[in-house]
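Colleague: Sharing a structure with you now.
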Amino acid sequence: MGDQMHPCGKLDLTVYKRIGNIFEQIERMEPWLYDTKKVREIAVLIPTRAGTEDPSLGGMSEEGVYRVLSELHLPFDFVNKEDSLEDSRLLILPDHAELDGKYAEIIAAFVKGGGKLLVSGTCSFLFHLTFNHPSGSEIDKIHE
């Protein structure tokens, strides 16, 4: 949180009162802010290209997932391929999520262990290609 001087060059007392009120609220909550554990039921995979200028390369679908899950008040977290899925019950692969064989195996293990999977947009096509390859690995068993 920060403040900006008014264009006329004078400090705005109303802004500082508002900032003070916010900090007072945070101070009252402070005892509950330490030694906490993150709770998430849903993991959302962040595509490697997320946040790019071109919406077709990712970023917009993550914003949509964020808005939907926030409005539903569901505990979620954005994850990358190195993050554990251990605390999650659902993994969402939004548009443009990039899959490789190694992460496909992680997803297969996640689903085999009882996790649920939601795949959307262009990622669903990549997901289909990745999980239906002819190698006969554990990935193929995800459809069982």
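Colleague: Please specify each residue of the range 7-32 satisfying the condition of being open to solvent by less than 90 Å² (accessible area, probe 1.4 Å) and part of a helix (DSSP H, G or I).
Modeller: 14, 15, 19, 20, 21, 22, 25, 26, 30
Colleague: If you don't mind, there's one more thing I want to ask. Does residue 44 fit the bill of being modelled with pLDDT of 85 or more, open to solvent by less than 60 Å² (accessible area, probe 1.4 Å) and under 20 Å from residue 111 (Cα atoms)? Walk me through it before giving the result.
Modeller: Values: modelled with pLDDT of 85 or more: yes; open to solvent by less than 60 Å² (accessible area, probe 1.4 Å): yes; under 20 Å from residue 111 (Cα atoms): yes.
Taking the combined requirement at face value, the residue satisfies it.
Colleague: What are the pairs, 6+ residues apart or on separate chains, where a residue within the range 50-76 that is at pLDDT 85 or above has its Cβ under 6 Å from a residue that is acidic (Asp, Glu) and surrounded by fewer than 17 Cβ atoms within 10 Å (Cβ to Cβ)?
Modeller: Listed by first residue and then by second, the contacts come to 75/41.
Colleague: Residue 105: modelled with pLDDT of 75 or more and loosely packed, with under 12 Cβ neighbours inside 10 Å, yes or no? Even if it seems obvious, please write down each step before you answer.
Modeller: On the way: modelled with pLDDT of 75 or more: yes; loosely packed, with under 12 Cβ neighbours inside 10 Å: no.
It is false that residue 105 is modelled with pLDDT of 75 or more and loosely packed, with under 12 Cβ neighbours inside 10 Å.
Colleague: Select from the range 63-84 the residues that are among the β-branched types (Val, Ile, Thr) and closer than 19 Å to residue 103 by Cβ and write down the one among them that is most open to solvent (accessible area, probe 1.4 Å). Walk me through it before giving the result.
Modeller: Let us first name the residues in the range 63-84 that are among the β-branched types (Val, Ile, Thr), namely 65, 68, 79.
Then keep just the ones that are closer than 19 Å to residue 103 by Cβ; that gives 65, 79.
Numbers: 65: 25, 79: 2 Å².
Ranking the qualifying residues of the range 63-84, first place goes to 65.
The values are calculated or read from the model by the stated rules, or taken from the named source; none is laboratory data. Here the structure is a predicted model, which is why all the values come from computation and not from measurement. Cβ coordinates were reconstructed from backbone atoms using ideal geometry, including for glycine residues, and neighbour counts include every protein chain displayed. Surface accessibility is based on the protein's heavy atoms, side chains included, excluding ligands, DNA and RNA. Shrake-Rupley method; radii C 1.70, N 1.55, O 1.52, S 1.80 Å.
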